[in-house]
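So the structure is just underneath, and the comments pick up after that.
The numbers here are math on the coordinates, done by the rules we state, and not lab data. As the structure is a prediction and not an experimental result, all values here were calculated from the model. For neighbour counting, all protein chains shown are included, and Cβ atoms are generated from backbone atoms with ideal geometry for every residue, glycine included.
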Amino acid sequence: MGFRSDTTAGTWLSRLTHTTEVLSGIVLAVDVVVVFLSVVFRYFLHDPVDWAEEIARALMIVLVFFGAATVLARSQHVGVDIFRDKLPASWQPAMVQVGHWIIAGVSASLCLSSVLLLVDTWEQTTSIGLPQWLYVFPVVFGSAFMTLFGIANACNGPRRLVVNTLVGCAIVAVLVFGWNRVMPDHAIPHGLLLGVAFVGGLVLGVPIGFVLAFSALLYFLSDPTLPMLVYSQQVMAGADHFVLLAIPFFVLAGLLMEANGMSSRLIELLLRIFGRVRGGLGIISITATAFFSGVSGSKLADIAAVGGIVMPAVRRTKQDPNEAAGLLACTAVMAETIPPCINMIIMGFVANISIAGLFMAGLVPAAVLALSLAVIAVIVGKKINPDDAFEKRTPLLPLIGGALVAFIMVGMIGKGVTSGVATSTEVSAFAVVYALLVGGAAFRELTLRSVSRLFVKSASMAGSILFIVAAASSVSFALTIEQIPQMVSSTMIAFANDYGSIMFLLLSVGIMIIFGAVLEGAPALIIFGPLLTPIAQQLGIHPLHFGTVMVIAMGLGLFAPPIGLGLFATCAITGTTVKDVTRPMMKYLAVLLVTLIVLVLVPSFSLWLPNRLGL
């Protein structure tokens, strides 16, 4: 959904969207340069740049809020529509319109709160003497842009519906907050408002990042003891972490790898090798997804890269595209724990677990899941003629050379993470530079225009992902005030005392599967990771083992029918439908579930490699 370009306002909003996108791409490029040069100065010139991390974090805040604004302008934030779609069709236009007003209201409130925060911190400085407003201004401008885009989207519908829903939302707000002000002894509890806003936002199909921000906003507004500036402070704090920069960097590295031809060469080489083997196309999907997971970190980016090349080959060789799409979705679950997976970074960050340790802990479980899927793929698969899979065959030597360049990139990332020489963020910056310079020089398929588009696209993707993380930070703050972590902890510990730590672990996995489907994956980790990990540690469960199985369970929910958003995205990428893919996919999901239970019961799968490496 875009703005109407036949009006003056629509033209200006379209220009603002484009300008914001370009600025986000430039900020991402500058951030890569800053981190890359800081690593060069520290490790090679032995002259650390003290201000580099502070500047990189400030730029990331710009990236998060400007990127989120551009995604909102194009209505591309991820939400759950399945609950709204189950309701009568006559209700749905009004529900969509109410969702637009919620987004606009959240954005405006965040803007107001950030202005208050800016005034409060105007004369403050950071630890190295930089002005604090350097971090707050991006939130002010980014939320202002989101407010403009949110209002524009809300006003894009039929005038009567727009006005009626706005009046309805205003009446509900006045009734709720008027009741709390007039009847303080019988006020609606803050925690209840948070819960109702969360469930209501999901039912309305509001994008998950704004569902979280809306829930926290109602909590802050209903509690007069909380200054409004704390709202934006908590949202900003959720994005202000150097380690999270690895997310946009790895996404960018994966997109560059796909654009410069490294992806297509590798998959064509795999087809040459495995094509004539029974189930060869399935084995290629599994292998290719595992490989790309070692670069991009984003499962949807991996599926887009692999599916964009494998699915045409599936159709040319007259294989079942629904079967291939189902397996492709399941390979994304398998690859959830292959470094540098974004969700492993998020889990390590929110639960205070070593990210390098999680990266290593996830490798053996991923291999076990891959082997399980490969067995089924071979049993149900067929042989194909690789010559039929491509319209044009690449000469063998250039093909091997291209694949070798890609293998070196993966090896560089793996070595950097395991050796401890650099952090995941620093390694990801090197991956971007490698894909850009070495990949570009080797294949010469990148142009300045295409690289610019990739930076803009990566910035938007990162803004969408990291805005969810930022919004969830405000919810976590509210949950902490409500002592929800303590309540969950006591309940789960009592459950574990009655049924044992294994049952606690299985229950945690079940929770993560359910909420991984409902909450689009990452938010489930953000909410439940810090709640459940300390309990697991109290029960003697190793945090690396717990984090690994939680991420796999989240992935299983994310890509499982009927509501897994990952499955809907996979079907969109592969040109299939969820209804047709579900049946052939069930055997692969069953194998993944059984294997996950085995991984839960045998911690050695997760802990063997970290123990060997001393992590």
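Given q = 0.06, 0.09, 0.12 Å⁻¹, what are the Debye log10 I(q)/I(0) values for the chain, with equal point scatterers placed on the Cα positions and solvent ignored? Each listed q maps to, in turn, -0.31, -0.72, -1.32. If you line up the long axis of helix 190-204 against the longest principal axis of the chain, both from Cα atoms, how many degrees apart are they, to the nearest 10? Helix 190-204 and the main axis of the chain meet at about 50 degrees. Taking N as the residue count of region 122-175, its C-alpha radius of gyration divided by 2.2 N^0.38 Å amounts to 1.82.
Tell me, what is a quarter of the convex hull surface for the C-alpha atoms of region 175-304, in nm² with one decimal?
Details: hull surface 47.8 nm².
For region 175-304, the mean projected area of the Cα convex hull comes to 12.0 nm².
3J(HN,Hα) along region 564-579, derived from phi through the Karplus expression 6.51 cos²θ - 1.76 cosθ + 1.60 where θ = phi - 60°, amounts to x, 5, x, 5, 4, 5, 4, 5, 5, 5, 8, x, 10, 10, 4, 4 Hz, with x in place of Gly and Pro. The convex hull of the Cα atoms of region 8-240, projected and averaged over all directions, covers 15.4 nm². Running Debye on region 477-613 with equal point scatterers at the Cα sites and no solvent, what base-10 log of I(q)/I(0) appears at q = 0.11, 0.12 Å⁻¹? The Cα Debye sum returns log10 ratios of -0.45, -0.53.
Highest-first packing order for the peptide set 124-135, 273-284, 423-434, 603-614 is 423-434, 273-284, 603-614, 124-135, based on the mean count of other beta carbon atoms within 10 Å.
Per the helix-only calculation at 222 nm, which mean residue ellipticity applies to the chain, given -39500 (n - 2.57) for every DSSP H run of n ≥ 4 and division by its residues, nearest 500 deg cm²/dmol?
Working: 27 runs with 471 residues, N = 615.
About -26000 deg cm²/dmol.
All other residues with a Cβ under 14 Å from the Cβ of I128 taken together, and with Lys, Arg as +1 and Asp, Glu as -1, what is their net charge? Charge balance near I128 sits at -2.
Tally Lys/Arg at +1 and Asp/Glu at -1 over every other residue whose Cβ is under 15 Å from the Cβ of H241; what's the total? All intermediate terms of the calculation are to be shown ahead of the outcome.
Details: positive: R57; negative: D31, E53, E54, D240, E426.
Computed value for this residue: -4.
Within a straight-line Cα-Cα reach of under 27 Å, K318 can be paired with the following lysines, leaving aside sequence neighbours fewer than 8 residues apart in one chain: K299, K382, K383, K392, K579, K587.
Distance between the 7 Å Cα→Cβ label points at A173 and S489: 3.6 nm.
Tell me whether region 244-441 comes out rounded, prolate or oblate; compute the Cα gyration tensor, take square roots of the eigenvalues as a ≥ b ≥ c, and use a/c under 1.5 as the rounded threshold. Mind showing how you got there, number by number?
Values: a/c = 2.25, a/b = 1.43, b/c = 1.57.
Judged from the Cα gyration tensor, region 244-441 comes out oblate (a/c at least 1.5, b/c at or above a/b).
Placing a pseudo-label 7 Å from each Cα along the Cα-to-Cβ vector at R444 and L396 gives an inter-label distance of 2.5 nm. The simple spin-label model puts a point 7 Å past each Cα toward its Cβ; for R74 and S354 those points are separated by 3.9 nm.
Work through the residues other than L166 whose Cβ is under 14 Å from its Cβ and net out their charges, Lys, Arg +1 and Asp, Glu -1. If you can, show how the numbers build up before the last one.
On the way: positive: R159, R160; negative: none.
Residues near L166 contribute +2 overall.
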